[in-house]
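Quick note: the coordinates plus some simple rules give every number you see, no bench work behind them. Only a predicted model underlies this, so the values are computations on that prediction, with no experimental measurement involved. When we count neighbours, we look across all protein chains shown, and the Cβ atoms used for this are built from the backbone with ideal geometry, even at glycine.
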Amino acid sequence: MDSKLLEVLACPRSKQPLTLGKGGQYLVCESEGIAYPIIDGIPHLLEGSAIRLNPIHVADAAPPSGPSEPPASADRTAAE
């Protein structure tokens, strides 16, 4: 990503600066704990595109891997 473009981009929610995440595939807003994907070189800065980061991932500036919620079957088993 062009460094001059990165200087002018800001998080749409907090208006804070964004940093380029690990691998250059995300723009990270550390104050909000979210990452916006970069798809085909285009930052998707829509709130609906934001990925919530786990606190441990904010330091690494990488999105979490895997599903963020347990499968529905796990809830059903716990209730029985």
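Annotation: amide H of L27 within the under-5 Å range of G21, Y36, I38, sequence separation 5 or more or interchain, hydrogens built in the peptide plane. Peptides 32-38, 10-16 ranked from most to least packed give 32-38, 10-16, packing being the mean of other C-beta atoms within 10 angstrom over each peptide's residues.
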